[in-house]
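I have a structure I would like to understand better, so I am pasting it below and will then ask my questions one at a time.
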Amino acid sequence: MPEGDSVFRLAARLRRSLDGRTLERGDLRVPAHATDVLDGMQVVEHVTHGKHLLTRFNGGLTLHTHLRMQGSWTVTAPGRKLPRALLPDARVILGVRSGPTAYGLDLPVVDLLPTRAEHDVVGHLGPDPLRSDWSADEAVRRLQREPGERVAAALLDQRNVAGFGNLWANELCFLRGIHPDTELGEVDVAALVALGARCLRFSATQPGAHQVTTGNTRKGEQHWVAGRAGKPCLRCGTSVRVRAEVPGDPGRRRTWWCPRCQPFLPAG
């Protein structure tokens with residue numbers, strides 16, 4: 001699943017292609033909005049909150065989309081079209097006059113709503129390190145509400161902090177030397193939040209740094225533990241372990257850790 005830094009980069013790409021321009025074609029190919037017409041509207045801006053993308057139009061309308069596991073966006077240059085084989089997957093088509101066209105492919109979430117009602121779709125989210133209204137104190141407060149919660153699960157809960165997905169939950173635990181099953185009450189939450197915010201911003205904004213947590217861009221060495229089950233830890237050489245899924249996680253996400261760099265210390 002794309003994480004907050006991925007969606008932030010996507011918004012920047014769509015912003016360069018569409019913002020401030022008038023739609024010559026605006027199709028929403030989902031049953032709930034099949035009759036809604038966006039042609040002639042001006043794209044005002046693209047903003048993100050965690051993994052949610054908000055495309056705002058003049059007239060007070062917002063297009064809310066979410067990629068989840070399978071969605072993606074592609075932008076074609078002026079005069080170019082999406083390959084015919086991919087057109088059935090297009091859920092959103094936004095084409096500007098004499099300019100590029102953006103296609104939202106296989107998007108599981110497509111909502112058109114009044115801009116004033118955006119809170120209905122993102123109001124449950126915690127603070128986002130990539131937004132101007134980021135509050136580290138609020139993120140710490142939310143995480144500390146459940147001191148018995150596992151740290152990896154707490155980081156994945158978008159109501160605590162918006163934007164951390166499975167890759168960042170695992171990598172941040174490694175970088176802080178924390179076993180993913182450690183209870184939050186045993187963790188320096190403020191330090192964890194500060195590191196996470198710094199990493200997410202760097203990943204979202206620096207060329208060549210997207211989700212490279214080790215500083216090494218060589219294939220197979222970009223991450224400390226995520227996706228490296230059975231391989232030697234890049235720090236100590238111990239085999240990285242993996243668990244098939246986080247207990248109770250509907251996303252069935254895996255958990256990786258180095259047993260030497262991240263020993264499990266029971267609470268108390």
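The values are calculated or read from the model by the stated rules, or taken from the named source; none is laboratory data. Nothing here was measured: the structure is a model prediction, and the numbers come from that model. All Cβ positions, even for glycine, are placed from backbone atoms using ideal geometry, and neighbour counts span all protein chains on display. The protein model used for the area step is the full one, side chains on, heavy atoms only, and it has no ligands, DNA or RNA in it. Shrake-Rupley method; radii C 1.70, N 1.55, O 1.52, S 1.80 Å.
Within region 177-224, can you find the residues that are closer than 16 Å to Gly163 by Cβ and either in contact with a Ser or Thr (Cβ under 9 Å, 6 or more places away or on another chain) or not assigned by the TED database to the domain that holds Arg145 (or both)?
Those that are closer than 16 Å to Gly163 by Cβ and either in contact with a Ser or Thr (Cβ under 9 Å, 6 or more places away or on another chain) or not assigned by the TED database to the domain that holds Arg145 (or both): Cys199, Ser203, Ala204, Ala209, His210, Gln211, Thr213.
Just name the residue that is farthest from Thr62 (Cα to Cα) out of those in region 79-97 that are touching a residue at least 24 places away in the same chain (Cβ under 8 Å) and open to solvent by 10 Å² or more (accessible area, probe 1.4 Å).
Arg97
Please go through region 142-169 and pick out each residue that is over 15 Å from Gly185 (Cβ atoms) and charged (D, E, K, R).
Asp157, Arg159
Next question, about the same structure. Which of the following residues is out of contact with any strand residue (DSSP E or B) (no Cβ under 7 Å at 6 or more places or on another chain) and not assigned by the TED database to the domain that holds Trp168: Gly59, Gly95, Gly71?
After applying the criteria, what remains is Gly59.
With the condition kept exactly as written, say whether any residue in region 250-266 is open to solvent by less than 50 Å² (accessible area, probe 1.4 Å), touching a residue at least 12 places away in the same chain (Cβ under 8 Å) and in a helix (DSSP H, G or I).
no
From the list Thr55, Thr22, Thr76, pick out the single residue that is β-branched (Val, Ile, Thr), under 27 Å from Asn160 (Cα atoms) and open to solvent by less than 60 Å² (accessible area, probe 1.4 Å).
Thr55
I've got another one for you. Out of the residues in region 29-52 that are crowded, with 18+ Cβ neighbours inside 10 Å, hydrophobic (A, V, I, L, M, F, W, C) and not in a loop (DSSP other than H, G, I, E, B), which is nearest to the chain's Cα centre (by Cα)?
Per the criteria, the residue is Val47.
Considering region 1-19 alone, what residues qualify as being out of contact with any strand residue (DSSP E or B) (no Cβ under 6 Å at 6 or more places or on another chain), part of a helix (DSSP H, G or I) and open to solvent by 40 Å² or more (accessible area, probe 1.4 Å)?
Arg9, Arg13, Arg16
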